[in-house]
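> Here it is, the structure, as structure tokens.
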Amino acid sequence: MKYNLPPIREAIFDLRIDHLADSSIEKLEKIHSLISEIYPNKKKQINFVEKFEFKENKKIRNESDSQVRGFLFSNKDNTCQVQIRLDGFTFNMLKPYSEWNHFSEEALRLWAIYDKNLKPNKITRIALRYINKIEIPISMERFQDYIINMPPIPQCLPQTFRNFFMQIDVPCDNEGTNVIVTETIEKPLKGILPFILDIDVYKTGMIGKTIETLKSEFDNLRNLKNSTFENCITDKTRNLFE
């Protein structure tokens, strides 16, 4: 279902790979010259590693090391980000989200540049993640009027809560497809309770690298994501997006 005011805070298009034919950091950085007109900003992505050495239960040395694992390139207002890493590729679109065709076509266009220049051996995991912020009016009578899959509060307790976090990881088929649903709330603001509905659909295994194959695979993930979203909310929630 298409909404006039989609609650999407961030959409994430992710591919993990086995290894690169050329895994040099310099090769990763050169990708920027191919996309810098749209994504001029550049940041290094760094892994920090702490090393400890003990002797007779006493720490005798503490070293820290940092390694560049990739780069993050973003557009001028940082609403779209491209992650080019040694272990894969990610395209993030922050609010305002446009629509699926624009999002997926740009992600696949950028992936094709990654694939052509870095020559990853295999794709081992793909994922589509949508983080939604749903602004529920605090004047609601029951939370379940807006969100269906809320865990019940024991009847002996007041039917309210101050903090809330729930996560489930559901295997969906025998082909490595899973859905992680994460729900939580943020601090209320001006009569609104921000409810975070985070849906992460992923598939593991050897996946073909062609654009046609990936388009089909991601369309399947998107359909599963949409079904999951619609089955978490009610008509009252849908009315908030009109």
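> Given the structure, is SER64 among the small types (Gly, Ala, Ser), farther than 22 Å from ARG125 by Cβ and at pLDDT 75 or above? First the steps, then the outcome.
Values: among the small types (Gly, Ala, Ser): yes; farther than 22 Å from ARG125 by Cβ: yes; at pLDDT 75 or above: no.
When the stated conditions are applied, SER64 does not pass them.
> I've got another one for you. Evaluate the stretch 197-204: report whether one residue or more is touching an Asp or Glu at 6+ places or on another chain (Cβ under 9 Å) and either assigned by TED's automatic domain parsing to the domain that holds ILE113 or hydrophobic (A, V, I, L, M, F, W, C) (or both).
Yes: one or more hits.
> Consider ILE147 against the criteria (1) closer than 29 Å to LEU34 by Cα; (2) of a type in the set (A, V, I, L, M); (3) in the same structural domain as ILE211 (by TED's automatic domain parsing): it satisfies all of them except one. Which criterion is unmet?
Among (1) closer than 29 Å to LEU34 by Cα; (2) of a type in the set (A, V, I, L, M); (3) in the same structural domain as ILE211 (by TED's automatic domain parsing), ILE147 violates only (1).
> Another one. Taking the stretch 66-91 on its own, how many of its residues are over 16 Å from LEU15 (Cβ atoms), polar (S, T, N, Q) and not in a loop (DSSP other than H, G, I, E, B)?
Qualifying residue count, the stretch 66-91: 3.
> Any idea which of GLU141, GLU105 is acidic (Asp, Glu), within 24 Å of the chain's Cα centre (by Cα) and not in a strand (DSSP E or B)? Spell out the reasoning first.
Details: GLU141 fails: within 24 Å of the chain's Cα centre (by Cα).
None of the others qualify; the one that does is GLU105.
> Can you pull out the residues in the stretch 124-163 that are at pLDDT 85 or above, under 16 Å from ILE185 (Cα atoms) and of a type in the set (Lys, Arg)?
LYS133
> Follow-up. Within the stretch 23-48, work out how many residues are surrounded by 12 or more Cβ atoms within 10 Å (Cβ to Cβ) and either of a type in the set (D, E, K, R) or assigned to a loop (DSSP other than H, G, I, E, B) (or both).
Count: 12.
> Go over the candidates PRO171, PRO152, PRO158 one by one and state the one that is surrounded by fewer than 16 Cβ atoms within 10 Å (Cβ to Cβ) and within 28 Å of ASN223 (Cα to Cα). Outline the logic, then answer.
Details: PRO152 fails: within 28 Å of ASN223 (Cα to Cα); PRO158 fails: within 28 Å of ASN223 (Cα to Cα).
From the options PRO171, PRO152, PRO158, the qualifying one is PRO171.
> Please count how many residues of the stretch 196-219 are surrounded by 15 or more Cβ atoms within 10 Å (Cβ to Cβ), more than 20 Å from THR182 (Cβ to Cβ) and at pLDDT 95 or above.
Count: 3.
> Taking TYR130 as meeting all but one of (1) assigned to a strand (DSSP E or B); (2) not assigned by TED's automatic domain parsing to the domain that holds MET1, write down the number of the exception.
Of everything listed in (1) assigned to a strand (DSSP E or B); (2) not assigned by TED's automatic domain parsing to the domain that holds MET1, TYR130 misses just condition (2).
> Contact list please: Cβ distance under 6 Å, first residue in the stretch 205-217 and in contact (Cβ under 8 Å) with a residue 24 or more places away in the chain, second residue part of a loop (DSSP other than H, G, I, E, B) and among the charged types (D, E, K, R), pairs at least six apart or on different chains.
MET206/LYS122
The values are calculated or read from the model by the stated rules, or taken from the named source; none is laboratory data. Just so it is clear, the structure is predicted and the values come from calculations on it, not from any experiment. Here Cβ is always computed from backbone atoms with ideal geometry, including for glycine, and neighbour counts include all displayed protein chains.
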